[in-house]
1. May I ask for the Rg/Rh ratio of the range 1-82, computed from Cα atoms with Rh as the Kirkwood radius, given to two decimals?
2. Sort the range 1-46 into rounded, prolate or oblate with this rule: let a ≥ b ≥ c be the square roots of the eigenvalues of the Cα gyration tensor; rounded if a/c is under 1.5, and if a/c is not under 1.5, prolate when a/b is larger than b/c, oblate otherwise.
3. So, in nm, how far is label residue 81 from label residue 52 when the simple model puts each one 7 Å beyond its Cα toward the Cβ?
4. Can you give me the Kirkwood hydrodynamic radius for the range 34-125, using every pair of distinct Cα atoms, in Å to one decimal?
5. Suppose the chain between residue 175 and residue 70 were pulled fully straight at 0.36 nm per residue; how much longer would it get relative to their current alpha carbon spacing?
6. Grab the DSSP H runs of the chain that are 4 residues or longer, score each as -39,500 (n - 2.57), total them, divide by all residues and round the 222 nm result to the nearest 500 deg cm²/dmol.
7. For the range 11-170, with only Lys/Arg (+1) and Asp/Glu (-1) charged at the beta-carbon, what is the dipole magnitude about the Cα centre, in debye rounded to 20?
8. Give the average over all directions of the projected area of the C-alpha convex hull of the range 99-152, one decimal, in nm².
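Read the figures in this text as sums done on the coordinates, not as results from a lab. Given the structure is predicted, the values throughout are model-derived calculations rather than measurements. Quick reminder, even Gly has a Cβ in these numbers, built from the backbone with ideal geometry, and neighbours come from all protein chains shown.
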Amino acid sequence: MPTPRDVLTPDALAMLQAVSEAGSFAQAARALGLVPSALSYRVRQIEEALDVLLFDRSSRQARVTEAGRELLFEGARLLGEIDAVANRVRRVATGWESQLTLAVDSIMSRATIMELCEAFFALNPPTRLKLREEALSGTLLALTSGQADLAIGVAIEPGTSTGIHSKPLGQMHFVFAVAPHHPLAHAPEPLSDELIRQHRAVAVADSVQRGAGLSFGLLGGQDVFT
């Protein structure tokens with residue numbers, strides 16, 4: 001006995017769609033260039049393999065059952081995905097990557113990154129994008145370890161021995177900031193390192209999994225909340 005995988009072929013799904021659109025086996029058979037008995041037999045094979053009734057044959061018209069509607073809906077989706085896969089394969093053959101993984105540092109503007117992704121998708125590429133949120137040295141490590149294909153917002157120089165090409169995006173200026181009610185907000189300036197060291201700093205944690213990681217603007221011996 002045929003299995004669902006044997007009978008649910010792209011041609012079979014298109015055939016069921018034709019029966020649904022025509023409203024009768026006779027009209028669908030004419031459109032498909034088949035005799036009605038052959039078309040009816042093929043539909044019956046699908047129904048037996050699935051153990052469901054796809055069309056109500058109690059009248060002269062072929063009315064789609066609830067199970068049939070579900071199969072037609074999913075079948076249309078599958079046929080669309082098959083076409084999409086074929087298009088992606090053809091484009092990959094022309095030089096597109098199947099997937100591009102981006103390591104994006106947390107310092108980068110989310111809105112800017114989303115705008116870049118939107119512009120990329122507007123090209124209708126076959127390439128899938130995958131974003132990894134990293135921080136500090138973890139951004140570069142994701143690239144050098146092969147976990148990402150492109151790193152955006154790397155905070156440290158990649159060096160010359162890694163074989164990585166880099167281009168500057170610009171400069172990021174850091175501002176010393178405290179809440180209005182913080183004791184340092186009312187302290188006379190300039191603030192000394194000794195005074196700053198007495199207060200806890202809030203910092204972004206390095207996303208690197210091993211090692212001490214990287215830090216900016218922190219004083220030795222200062223308590224840090226990451």
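1. 0.93
2. The shape class here is prolate.
3. 1.6 nm
4. 17.8 Å
5. Result for the pair: 32.0 nm of gain on full extension.
6. -12500 deg cm²/dmol
7. That gives a dipole near 520 debye.
8. If you wrap the Cα atoms of the range 99-152 in a convex hull and average its projections, you get 3.4 nm².
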